[in-house]
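In what follows, a single structure is set out as structure tokens and then discussed.
Readers should treat all values here as calculations from the given coordinates under stated rules, not as data from a laboratory. None of these values were measured; they are calculated from a predicted model. Here the Cβ positions follow ideal geometry from the backbone for every residue, glycine too, while neighbour counts run over all protein chains shown.
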There are 2 protein chains.
Amino acid sequence: MDATSRTERTPSAYPYPLLIRHMLERAVSDHPASLIVYGQTCHSYRQLRERVGRLADALAALGVGRGSTVGVMDWDTNRYLECFYAVPMMGAVLHMVNVRLSPEQIVYTINHAADDILLVNVEFLPLLERIAGQLRTVRAVVLLDDEGKAREADLQGLRCAGEYEALLSAASPDYLFPELDEDTRATTFYTTGTTGLPKGVFFSHRQLVLHTIACQLALGAAAHCRLDKRDVYMPITPMFHVHAWGMPYVATNLGLKQVYPGRYVPERLLKLRTEHGVTFSHCVPTILQMLLMSPASATTDLSGWKVIIGGSALPAALAKSALERGIDVVTGYGMSETCPILTVAFLDEDMLSWDLEAQARQRAKTGRPIPLVQLRIVDGAMNELPHDGKSAGEVVVRAPWLTQGYLHDPEGSERLWRGGWLHTGDIGVIDPDGFLRITDRLKDVIKSGGEWISSLEIEGHILRVPGVAEVAVIGVPDERWGERPLAFVVPSRPGAVSSEEILQALRRAAEAGEISRYAVPDRIVFLEEIPKTSVGKINKRALRERYGAA
Amino acid sequence: MDATSRTERTPSAYPYPLLIRHMLERAVSDHPASLIVYGQTCHSYRQLRERVGRLADALAALGVGRGSTVGVMDWDTNRYLECFYAVPMMGAVLHMVNVRLSPEQIVYTINHAADDILLVNVEFLPLLERIAGQLRTVRAVVLLDDEGKAREADLQGLRCAGEYEALLSAASPDYLFPELDEDTRATTFYTTGTTGLPKGVFFSHRQLVLHTIACQLALGAAAHCRLDKRDVYMPITPMFHVHAWGMPYVATNLGLKQVYPGRYVPERLLKLRTEHGVTFSHCVPTILQMLLMSPASATTDLSGWKVIIGGSALPAALAKSALERGIDVVTGYGMSETCPILTVAFLDEDMLSWDLEAQARQRAKTGRPIPLVQLRIVDGAMNELPHDGKSAGEVVVRAPWLTQGYLHDPEGSERLWRGGWLHTGDIGVIDPDGFLRITDRLKDVIKSGGEWISSLEIEGHILRVPGVAEVAVIGVPDERWGERPLAFVVPSRPGAVSSEEILQALRRAAEAGEISRYAVPDRIVFLEEIPKTSVGKINKRALRERYGAA
């Protein structure tokens, strides 16, 4: 062997790193005239690029540079999209402040992420005034105001650097963005979880570019719900929530017209859908339900709207309702830790001829991994389980865009990544057709009489009983069985359903072999409302604390 | 600012590198039953994976490991596809030996790449016997034989390690592939060029994965010529030629049925097209012409065949002939140095309603950059030129998959990458619709009377004159004008066309403003054939040497 063949690594004298800036430049060059709409404002991509330059110039004047952190508290606006690009392109970190957290938690995340500058929608001024004194790292605040008026605010000594539009007008569009390493951190977001303090996840330029490309590949190759450049995009997942699932980057890469809805009001969302011909959105099941239930929906044509559902399980009944309205609804799966998309339940061509009922069930699964994702279900010893539609195991994943851990939390990071796989904490089965179904959260599985009972499965059955509006099932300690399921039900109106009706339905399901007989709860507790987390998920921890000893 | 915010790079404790192994594993897991056909052999992707394991095990027994180089001399076969995966997945480098080079050049490339092991189709045994004594680094030869017979060969002391199928049968499928850095070199190929020694280009795992994904994105997003999983793939660009333009990796990622045609015989190619329902191929214009001219083509349904053309300019007339037969023909552009794909001339939806003549012209352009490619036309001072359809400049590119240089040629590498952009040596204009048109090779531009004359443009006009089969235009020194164009023409049959007919056609084109009047050659030289390079390109260097002083 010749010594020359020993060179193993390619010298990278001329690297072309995977950078957010390259995505933007390409999108603007290919689609300069595509539009971005928010309220009364409408900008072309060419203007987006110019405004991104101005924003960077204005932030640089406030001391932002490589390694700085810029926090943003805003609804879904063109400004947020500008921050998606400008802040990482400067080599700074965009902290998408989770405004649904409690004020104490928001203070915690801003201090923990060490935000240097905060961009704050004036609607949050009362909150900001309340917490300003506790912010240890913030040096200045920029106000975001749809009216574009410069405002004053008493921020307990915190410097108000001015209003966003005024700063942009005064700034130069010719800011020279630095050359960056693709592993430069680009964004951070704090997950809510249902236990403990918020945990910060973080993503690099490389990770966001690869996530975007893989999403584009998945959405472009689908037999339905396929995006093309004529689509009109409107997010209905908050932009602070892991970059609105990364979809604004996808929409921009594709050159789509984009409509930003601000705060979510069902009537306004439906109006925007009609007014701008929105064809592509994504949201949590609750929002989909709200849209379908809104009085305005009766007079709105919803057909052909491609909607990706995530955040929590999509009930098949809701999927069917959406399909009946012509919505091309499909479930995605992921979490803040995973940037977030891992799987999407795009149907195969032949499944599109199934009846709506069967389609709804399939679309409500979490689907197949998108490109570049390696996904397994494993037992407690990390053995891979078969794709037989029965074996349930924890979902573990690898992909080029997963958070490398939790910010400043080495132990939590190690737990998350034990065995070299990211542990989702979700229990799932994989059907022979490759579709993943999440059956439960690992911590919500009820261990009763040596069997694992899926609380989600019981919830699904109870939800189908007429008169049931909401349901949550938890495990409560039991001397004989270890744990027993306990069901909480919110009736659609008082007295709409009885315990016995629910239990009978479950017994029938057990006799039909659809659930284990251990899975039938001993009793039903009726509530007026089920406690939720800040992002609207059922808060089982609160239920356990309140009822767990009962 | 807090010190914690200074962490600029994401720690990569849990990397998920971009590796060829991950592509294969995903493809096999998603499409285990998809088929790979070569002659009488037919394997599933599951078997492909198993055979890749066996091949690696067999090669390891011959001493191949990280940093080794394995040369392959084969036609387009399933074996070559197995090498595309097994060799790089071992951490070794696959040297796709350019079998169209002269024996001396082949010796040079094998020694220069320092191949440790050579896999050689028995059809090349006469050649191998002739050159074996000059190979300085090769330790053993594996014979590739469609009959699967173990053969003996007198290789002047070179060890014959046995026959491919026999080695695979004796090997274990459970070879444990090593964890690799994504920048590990995966493949190397020697470009022919028309001057000097062959030059080695090389690509890493990361580069091949990103090239594959970007090609998938481009092919999946196209308004026509769109690939989906029902397509059947057959390369008609040699696999040694920069991995058959990377398309076997694309086809495998998509789970397509793949048909490998061995050596190209038009009748056999057409038979395979019919027999296996081939819908996706790629080739040079000459092959397309051969297919259309083949007597068998008259009785073969060619409609719906998606064919990407590259390697040299596609004449619009040929594109139109292909369209008339229902072939969805489209031009791609790239070179060995660029892995190779840079642009593809996919039409926009509205262009698909143009008449065939207009479509053919558009499809014969080289199109728009695929995702992740940054492409400019620049003047001699590297200033970017406008996309006005008129300004001609050198095409320079950046993308994550370009060769980092030429193997063991630091000066050539520096020239290739001057100014931080890869210089293609091609002259192009970009139309307002973003389509790149290559007008010439930088070195083939004729500088006459202070004007730049495109030899390709004159060639195009001459090719349209009835009776002209082939044409080549070069610049010859001229005292008064600096250079003057000289045209070489091969008539379709002796006497089919006269000098005067050609010159008149060119003068009419000049009067119509289609070419400059300086571009009309002073004379036409008729030849029986035009000299070609080893890959079938017109060898202008040979013409210049022979006629340049005339």
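Things worth noting here:
- Seen against the Cα atoms of chain A and their longest principal axis, helix A:78-89 is set at about 70 degrees.
- Cβ-to-Cβ counts within 10 Å put B:Ile341, B:Ile236 in ascending order as B:Ile236, B:Ile341, the fewest first.
- Shape call, chain B: gyration tensor on alpha carbons, a/c limit 1.5: prolate
- Computed from the C-beta positions of A:Asp350 and B:Leu127 and an R0 of 51 Å, the FRET efficiency is 0.55 to the nearest 0.05.
- Under the convention that each Lys and Arg Cβ holds +1 and each Asp and Glu Cβ holds -1, the size of the dipole of the protein assembly as shown around its Cα centre is about 100 debye.
- Distance to the A-onto-B rotation axis is smallest for one chain A Cβ; residue and value in angstrom are A:Gly220, 2.
- Among B:Gly434, B:Val122, B:Ala27 - extreme Cα towards positive end, dipole of the protein assembly as shown, charges at beta-carbon: B:Val122
- Whole-angstrom gap from the stretch A:301-329 to the stretch B:426-483, using each part's C-alpha centre: 57 Å
- Between this copy and the others, label points of A:Pro295 are 8.0 nm apart in ascending order, each placed 7 angstrom from Cα in the Cβ direction.
- Peptides A:349-361, B:301-313 ordered by average Cβ neighbours within 10 Å, highest first: B:301-313, A:349-361
- In this assembly of identical copies, the label point of B:Asp348 (Cα plus 7 Å along Cα-to-Cβ) is separated from its counterparts by 3.7 nm, sorted shortest first.
- In terms of surrounding Cβ atoms within a 10 Å radius of their Cβ, A:Arg273, A:Arg325 rank from fewest to most as A:Arg325, A:Arg273.
- Packing rank of B:515-528, A:86-99, where each peptide gets the mean count of other beta carbons within 10 Å, highest leading: A:86-99, B:515-528
- Treating r as the C-beta distance of B:Ser312 and A:Ser534 and R0 as 60 Å, the FRET efficiency rounds to 0.45.
- Crossing angle, helix A:103-113 versus chain A [Cα axis fit, 0-90 degrees, rounded to tens]: 60 degrees
- Percent antiparallel among DSSP beta bridges (both partners in the stretch B:204-441, rounded to 5): 65 percent
- Across identical copies of the chain, B:Gly39 has label-point separations of 7.2 nm, listed in ascending order, with the point defined 7 angstrom from Cα along Cα→Cβ.
- Phi to ³J(HN,Hα) by Karplus 6.51 cos²θ - 1.76 cosθ + 1.60 over the stretch B:221-233, Hz, x for Gly, Pro: 9, 5, 6, 8, 6, 7, 7, 9, 5, 8, 5, 10, 9
- Computed from the Cβ-Cβ distance with R0 of 60 Å, the FRET efficiency linking A:Ser499 to A:Asp388 stands at 0.95.
- Mean ellipticity per residue at 222 nm, deg cm²/dmol - from DSSP H runs of n ≥ 4 across chain B, formula -39500 (n - 2.57): -9000 deg cm²/dmol
- Projecting the Cα positions of A:Thr533, A:Val490, A:Gln504 onto the charge dipole of the stretch A:487-550 (unit charges on Cβ atoms of Lys, Arg, Asp and Glu, taken about the Cα centre) puts A:Thr533 furthest along the positive direction.
- DSSP beta bridge pairing in the protein assembly as shown, given as percent antiparallel to the nearest 5: 55 percent
- If only the Cβ of Lys and Arg carry +1 and only the Cβ of Asp and Glu carry -1, the dipole of the stretch B:309-384 around its Cα centre is close to 200 debye.
- Each DSSP beta bridge with both residues in chain B is either parallel or antiparallel, and the antiparallel ones are about 55%.
- In the structure shown, the pairs A:Lys229/A:Lys537; A:Lys229/A:Lys271; B:Lys306/B:Lys540 are assessed against 28 Å; a Cα-Cα span above that value is assigned to A:Lys229/A:Lys537; B:Lys306/B:Lys540.
- Ranking A:Ala214, A:His276, A:Asn253 by Cα position along the charge dipole of the stretch A:204-441, where only Lys, Arg, Asp and Glu carry charges on their C-beta atoms, puts A:His276 farthest toward the positive end.
- Note on A:399-408: average number of Cβ atoms from other chains within 10 Å of each residue's Cβ is 3.
- Here chain B is treated with +1 on each Lys and Arg Cβ and -1 on each Asp and Glu Cβ, and its dipole about the Cα centre works out to around 160 debye.
- Computed from phi, the 3J(HN,Hα) profile of the stretch A:355-365 under the Karplus parametrisation 6.51, -1.76, 1.60 (θ = phi - 60°) reads 6, 4, 4, 5, 4, 4, 4, 5, 5, 7, 5 Hz, with x in place of Gly and Pro.
- Ascending count of other beta-carbon atoms within 10 Å, so fewest first, for A:Leu118, B:Leu101: B:Leu101, A:Leu118
- Remark: mean inter-chain Cβ contacts per residue of A:215-222 equal 5, using a 10 Å Cβ-Cβ cutoff to other protein chain atoms.
- Averaged over A:506-517, number of beta-carbon atoms from partner chains that fall within 10 Å: 0
- Backbone geometry of the stretch A:313-318 corresponds, through the Karplus equation with coefficients 6.51, -1.76 and 1.60 at θ = phi - 60°, to 3J(HN,Hα) couplings of 5, 8, x, 4, 5, 5 Hz, x marking Gly and Pro.
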